[in-house]
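As C-alpha cells, the structure follows; a few thoughts come after it.
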Amino acid sequence: MPVISTNTAANSALRYLNINSDNQATSVSKIASGSRITKASDDAAGLAVGTSLQSDVTVLKQAATNAAHGSSILQTADGGMSRISDIVQRMRSLATQSQSGSVTDTERGYLDAEFQQLLEEVDGIASGTRFNDDPLLDGTGDWSTGVDFRVGTETTDKITVTIANVNATGLGITGLDIGTSTTAESTLTALDTAVESLSTARADVGALISRFEFRGEVLDTSIENTEAAQSAIMDVDVAEEQTSLASTKVLTQAAIAVLSQANSMPEQLLSLLR
C-alpha cells in the first residue's frame, strides 16, 4: 500500500545497505591484515587455537635458538679440550724423552722447564676457555654440576649439559715433573691416565653436540608444521575474500541506488494530490 508517513522501502534499503557496507568493511579488513580472524566474533574457537599455536611457535623458535647456543658452547669447550689434549701429548713426548739414557740430568732440567710451562698452560686454557664470561673447563663454573637448556614447549623438554673439569687438578697431573728418569716414569703413567680422561670428556661433549644438532632439526620441523597449522586457521584466503569483497561492493552499490529511489517515492506519491 503506497504511503507517505512511513517509507518502509527506504528503511529496508537502508538496513541492507548497512549490512552490505559492514560485510564490505570486514572483507577489506581481512585482506589488508592477511588474517581470516580480525575480531573474536569472526571465529572464537579458531582464534583460541590459533593464538595457542602462535605461542607454541614463539617458544619453539626460542628453543631452537637455545639448542644452537648449547651446541656453540660445547664446540667452544671442545676447542679448548683439543688444545689441552695437544699439550698433554707434548708433555708425554717430553716425559718419554726424559726417560732416554741418551740425555743427562742437565738436559732433563731443560726438558722439565718446558714441561712445567706446558703444565701451567693447561690451567691457563682451562680457565680461559669461556662462554659469556663463564669458565667452561676448570670446574669453577656451573658447567661442572650441569646446566639445563630448554629445547621444547614443555618444562620437561630439556637437555642437561655437564662439562668435565680438565685443568691440571681435574686431570690428575698437578705437581708432576720430569727432572729425573724416575719421576719421568711415574709422570708418564699419570699422563696416560690424563689422556684417557680427556678422551672421555671430549667424547661426552661430542655426544651432546650431536644431540643438540638432532634436536635442532626436530625443532625446525616442528616450527614449520606448527606455522602451517596456524596459517590454515588464521590466514585469510585472499582469492576467496576478494571474491566476497567484489560481491559486497555490488550489493552495496545496489542498495545505495535502491535507497535513492525509495527516498524519491513519497515525492512521487504527493504528485497524485496535485
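The values are calculated or read from the model by the stated rules, or taken from the named source; none is laboratory data. All figures in this text were calculated on a predicted structure; none of them were measured in a lab. So basically every Cβ, Gly included, is an ideal-geometry build from the backbone, and we count neighbours across all protein chains shown. For accessibility, only protein heavy atoms count, side chains too; no ligands or nucleic acids. Shrake-Rupley method; radii C 1.70, N 1.55, O 1.52, S 1.80 Å.
Points to keep in mind about this one:
- Residue count for the range 205-226, restricted to those that are closer than 30 Å to D123 by Cβ and either surrounded by fewer than 18 Cβ atoms within 10 Å (Cβ to Cβ) or aliphatic (A, V, I, L, M) (or both): 7
- Residues of the range 136-187 satisfying the condition of being assigned to a loop (DSSP other than H, G, I, E, B) and of a type in the set (D, E, K, R): D138, E154, D157, D177
- Selected residue (criterion: farthest from I173 (Cα to Cα)) from residues of the range 135-156 that are in contact with a helix residue (DSSP H, G or I) (Cβ under 7 Å, 6 or more places away or on another chain) and open to solvent by 20 Å² or more (accessible area, probe 1.4 Å): T153
- Within the range 175-204, considering residues that are open to solvent by 70 Å² or more (accessible area, probe 1.4 Å) and of a type in the set (D, E), the one farthest from F115 (Cα to Cα): D204
- Only one of the numbered conditions (1) surrounded by 14 or more Cβ atoms within 10 Å (Cβ to Cβ); (2) in contact (Cβ under 8 Å) with a residue 24 or more places away in the chain is violated by G172, and that is (1).
- Residues satisfying the criterion are present in the range 118-130 (criterion: part of a loop (DSSP other than H, G, I, E, B) and either surrounded by fewer than 14 Cβ atoms within 10 Å (Cβ to Cβ) or more than 18 Å from the chain's Cα centre (by Cα) (or both)).
- Residue in the range 35-49 that is nearest to the chain's Cα centre (by Cα), counting only those that are more than 13 Å from D235 (Cβ to Cβ) and among the small types (G, A, S): A48
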